[in-house]
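The values are calculated or read from the model by the stated rules, or taken from the named source; none is laboratory data. All of these numbers come straight from a predicted model, not from anything done at the bench. Here Cβ is always computed from backbone atoms with ideal geometry, including for glycine, and neighbour counts include all displayed protein chains. Each accessible area value is taken on the protein alone, full model and side chains, heavy atoms only, with ligands, DNA and RNA left out. Shrake-Rupley method; radii C 1.70, N 1.55, O 1.52, S 1.80 Å.
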Number of protein chains: 2
Amino acid sequence: MDEIITLDYGSGGKKTSRLIESEILSRFSNPALGELGDGAILPGAEKIVFSTDSFVVSPLFFPGGDIGKLAVCGTVNDIAMCGGEAKYLSLSLIIEEGLERSALSRILDSIRAAAESARVQVVTGDTKVVERGRGDGVYINTAGIGFLRRAGLTPGAMRDGDAVLISGTAGDHGAAVMLARGGLIDDSSGAVKSDCAALNGLVDALFASGAEIRCLRDPTRGGAATTLCEFAGSSGLGIEIEERDIPVSPAVAAACSLLGLDPLYCANEGKLLCVTSQETAHAALEAMRAHPLGRDAAVIGRVSAAAKGRVILRTAAGGGRVLHKLAGAQLPRIC
Amino acid sequence: MDEIITLDYGSGGKKTSRLIESEILSRFSNPALGELGDGAILPGAEKIVFSTDSFVVSPLFFPGGDIGKLAVCGTVNDIAMCGGEAKYLSLSLIIEEGLERSALSRILDSIRAAAESARVQVVTGDTKVVERGRGDGVYINTAGIGFLRRAGLTPGAMRDGDAVLISGTAGDHGAAVMLARGGLIDDSSGAVKSDCAALNGLVDALFASGAEIRCLRDPTRGGAATTLCEFAGSSGLGIEIEERDIPVSPAVAAACSLLGLDPLYCANEGKLLCVTSQETAHAALEAMRAHPLGRDAAVIGRVSAAAKGRVILRTAAGGGRVLHKLAGAQLPRIC
């Protein structure tokens, strides 16, 4: 590993994995952490799901959301992906001296609205202020407590032949933030918007559908491709994905094409990847499509033991290529 | 309030209170948050204590500790002050690009040692990297989950005539960080050290002593004076403090005198303030003095209904003056 920490280590891709393995897992070893899920499931009578995320997005406001909405939805979603129902959030602000109070108010309004909508309570918090030039407006950390509703949702539960689904179009958040940041491309049509949303309602719908759900994860930093690689890597089973079946909005496809990005590696903040038994994939798909956040849901591939821990993308042209975790920092500071 | 957020709002004093009242409490209202304790106590069969803190101390390493030790002890202590036993921590790093890996390793070693010593497990986490000039080495957020052992520890439980105790010398952490930062004064003797420590063992000893404990709080940002003002303000009862009874180490007294600081307003990271019934104050004092972190514990004053929500300092010269919460930013970035 490098002697200094570079932006690549925050990409959510390969270097982030390496940093976590070499620096974190080597020191802190316990069953909850070792699972490396989106959160920890703690032992006890009523099983607690515990998760945290810091949000450092630049700019603070972007089409479809802002850092406040992101901070609520991100942690609610991490808990939902573990099979938990988020109930309580902590809220910690690291404010850069000079932040306009009106911006802070707008962000806090957004946090309140997102928390109400996701049915979580902000119960504790902290506020720090750092000198000008030591932050970027505001960084927000949320930690969340939820209670486990569905146990055993891990990539280890996947079986050969299972179906892989995505709840909607890929790459919206990453593309929207890049456009908002760069000012490179005029998107005055407003067609590219972050998909930032709390997914607990969609997960409720999936649970209610009766589908046999093996695992869930929201593909944030590193995008859908990186999350699929995590599924494949930690299960030992491979995944085959059909490129033509992956929903991408025309506006995001156009923006990514201009920016030189791949929507499969762009962050999502309101999408989930779901693996179900082949037999119940249709039930899961129908349940998602009936929900406002899952209208564009699609089956995009299947678990394949033959692919042996790799993710193979079957291209529209009939070829196949191996997908890897995001290498380097395609999109720093997008969540 | 000002139109922009200045460093004063992060001091832990008056402006921090005002910011929290006007921006946070106005938006997020629920019983757990409304208590404004060091953490939230959540309803349920087994009562959960939930707390969070972000740590932005500069410099990252200082005599007696570092940001990693601080991040563990700070959250463990907040939970202990609520009457909870901390069990699980989340760990979220916001790393500035360019941080030396050796510094990160040293901080993580320190986190591990502090967690082991405090008997808490790091079970979930997050890592972000921000561009050079958008952070300060590393900011760390921890959130903690504990289980309630002693309910009802709030300033509202205080009664006229109760005793006020401190577990040791005041102002060590704040003075040590200011000396480490400024390089203004040669403290090659190493006499001024942060008191950074996990207080859960000391709280265990207090509980075991049989003393009637009304409330506990660790006087961090804003120092002992600000915490006493919080006790007085939220109970409606006043507090009278004897200046000559407040333990201050000679080295801290000398450093504060040179720096123009008041030890009563300097942060502590390994001390607690405790209010007990007058009858059981001695038991509490003996229990603390028998513990390595409470050797210099002292009774420093009493609850006085006559002081009506104010804190009165009885000076060594026989006079009295009203103490207020820290105004402005005496010590930014000390935790």
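What total accessible area, in Å², is buried where chains B and A meet, using a 1.4 Å probe and rounding to the nearest 100? If you can, show how the numbers build up before the last one.
Working: alone 14940 and 14940 Å², together 23250 Å².
The buried area between B and A, both sides summed, comes to about 6600 Å².
Work out the charge dipole of the protein assembly as shown with +1 on the Cβ of Lys and Arg and -1 on the Cβ of Asp and Glu about the Cα centre, then indicate which of A:Pro155, B:Leu273, B:Ser22 is farthest towards its positive end.
Of the candidates, A:Pro155 comes out farthest on the positive side.
Ranked by accessible surface with a 1.4 Å probe, highest first, in what order do A:Met288, A:Met178 come?
On the way: A:Met288 0, A:Met178 45 Å².
Ranked list, largest accessible area first: A:Met178, A:Met288.
With springs only between Cα atoms under 10 Å, which of A:Arg112, A:Arg244, A:Arg101 fluctuates most in a Gaussian network model of chain A?
Fluctuation is largest for A:Arg101.
Which far-off residues, 5 or more places away or on another chain, put their amide H under 5 Å from the one on A:Val130, with H placed in the peptide plane?
Under 5 Å from the amide H of A:Val130: A:Ile95, A:Glu96, A:Glu97.
Please report, in cubic angstrom per residue, the volume enclosed by the convex hull of the alpha-carbon atoms of chain B. Could you put the intermediate results ahead of the total?
Values: hull volume 47.9 nm³, N = 335.
Each residue corresponds to 143 Å³ of Cα convex hull volume.
How big is the accessible area of A:Thr16 in square angstrom, nearest 10, if you roll a 1.4 angstrom probe over the protein chains?
Surface open to solvent at A:Thr16 totals about 10 Å².
Classify the protein assembly as shown: rounded, prolate or oblate, from the alpha-carbon gyration tensor (a ≥ b ≥ c, eigenvalue square roots; a/c under 1.5 rounded; otherwise prolate if a/b is larger than b/c)? Mind showing how you got there, number by number?
Numbers: a/c = 2.14, a/b = 1.92, b/c = 1.12.
Here the protein assembly as shown falls in the prolate category.
Among B:Asn30, B:Asn200, B:Asn77, which one shows the biggest mean-square fluctuation in a GNM of chain B, springs joining Cα atoms closer than 10 Å?
Answer for the Gaussian network model of chain B: B:Asn30.
Once you have a ≥ b ≥ c as the square roots of the Cα gyration tensor eigenvalues for region B:1-141, tell me rounded if a/c is under 1.5, and otherwise prolate or oblate according to whether a/b is larger than b/c.
oblate
Roughly how many debye, to the nearest 20, is the charge dipole of region B:220-282 about its Cα centre, given +1 on each Lys and Arg Cβ, -1 on each Asp and Glu Cβ, and no other charges?
Values: 3 positive and 8 negative charges, 44 e Å.
Charge dipole, region B:220-282, about its Cα centre: 220 debye, nearest 20.
Roughly how big is the protein assembly as shown's charge dipole about its Cα centre, with Cβ charges of +1 (Lys, Arg) and -1 (Asp, Glu), in debye to the nearest 20? Can you show the working numbers first?
Details: 66 positive and 78 negative charges, 70 e Å.
Magnitude of the dipole: close to 340 debye.
Please sort by residue number the GluC sites (Glu not before Pro) in region A:22-129 whose DSSP state is loop and whose Cβ has at most 11 other Cβ atoms within 10 Å. Walk me through the intermediate numbers first.
Working: sites: A:Glu23, A:Glu35, A:Glu46, A:Glu85, A:Glu96, A:Glu97, A:Glu100, A:Glu116; in loops: A:Glu35, A:Glu46, A:Glu97.
Those that pass, being in a loop and sparsely packed, are A:Glu46.
I'd like to check one number: the per residue accessible area of region B:180-303, probe 1.4 Å, reported in Å² as a whole number.
Values: 4570 Å² over 124 residues.
On a per-residue basis, region B:180-303 sits at 37 Å².
Is there a pair in A:Lys15/A:Lys271; A:Lys128/B:Lys193; A:Lys87/A:Lys325; A:Lys271/B:Lys47; A:Lys15/A:Lys193 whose C-alpha atoms are over 26 Å apart, and which pairs would that be? Each step should come with its number before you reach the end.
Working: A:Lys15/A:Lys271 23 Å; A:Lys128/B:Lys193 23 Å; A:Lys87/A:Lys325 32 Å; A:Lys271/B:Lys47 33 Å; A:Lys15/A:Lys193 28 Å.
Exceeds cut-off: A:Lys87/A:Lys325; A:Lys271/B:Lys47; A:Lys15/A:Lys193.
When chain A is modelled as a GNM with alpha-carbon springs shorter than 10 Å, which of A:Leu258, A:Leu104, A:Leu179 fluctuates the most?
A:Leu258
Enter the mean number of other protein chain beta carbons within 10 Å of the beta carbon of each residue in A:75-87, as an integer.
Values: counts 1, 0, 0, 2, 0, 0, 0, 1, 0, 0, 0, 0, 4.
Partner Cβ neighbours, averaged per residue: 1.
Would you grab the residues whose amide H sits under 5 Å from the one on B:Val122? Only those 5+ places off in sequence or on another chain, please, with H modelled 1.01 Å from N.
Residues meeting the amide H criterion: B:Leu89.
Would you mind classifying region A:286-335 by shape? Square roots of the alpha carbon gyration tensor eigenvalues, ordered a ≥ b ≥ c; an a/c under 1.5 is rounded, otherwise it is prolate if a/b is larger than b/c and oblate if not. Don't jump to the answer; show the numbers that get you there.
On the way: a/c = 2.12, a/b = 1.15, b/c = 1.84.
In terms of gyration-tensor shape, oblate.
What whole-number distance in Å separates the alpha-carbon centres of region A:254-283 and region B:119-158?
Region A:254-283 and region B:119-158 have Cα centres spaced 33 Å from each other.
Roughly to the nearest percent, how much of the accessible area of region B:24-145 is carbon and sulfur, given a 1.4 Å probe? List each step's numbers first, then the result.
Numbers: 1690 of 3670 Å².
Exposed carbon and sulfur together represent 46 percent of the surface.
Quick one: check the C-alpha center-to-center distance for region B:2-35 versus region B:162-225, whole angstrom.
Going from one Cα centre to the other spans 24 Å.
Would you mind telling me the antiparallel percentage of the DSSP bridges in chain B, rounded to 5? Present the calculation step by step, with values, prior to reporting the outcome.
Values: 44 of 57 bridges.
Restricted to chain B, the bridges split so that about 75 percent are antiparallel.
Using helices alone, what [θ] at 222 nm do you get for the protein assembly as shown, with -39,500 (n - 2.57) per DSSP H run of 4 or more residues, divided over all residues and rounded to the nearest 500?
Value at 222 nm, helices only, nearest 500: -8500 deg cm²/dmol.
Rounded to the nearest whole Å², what accessible area per residue is found for region A:2-41 with the 1.4 Å probe?
43 Å²
Of all accessible surface on region B:227-313 at a 1.4 Å probe, what whole percent is carbon and sulfur?
On the way: 1800 of 3390 Å².
Answer for region B:227-313: carbon and sulfur cover 53 percent of the accessible area.
Leaving ligands, DNA and RNA out of it, rank A:Tyr139, B:Tyr265 by accessible area with a 1.4 Å probe, largest first.
Details: A:Tyr139 5, B:Tyr265 35 Å².
The ordering from most to least exposed comes out as B:Tyr265, A:Tyr139.
Roll a 1.4 Å probe over the protein heavy atoms and report the accessible area of A:Asp109 in Å², nearest 10.
We get 60 Å² for A:Asp109.
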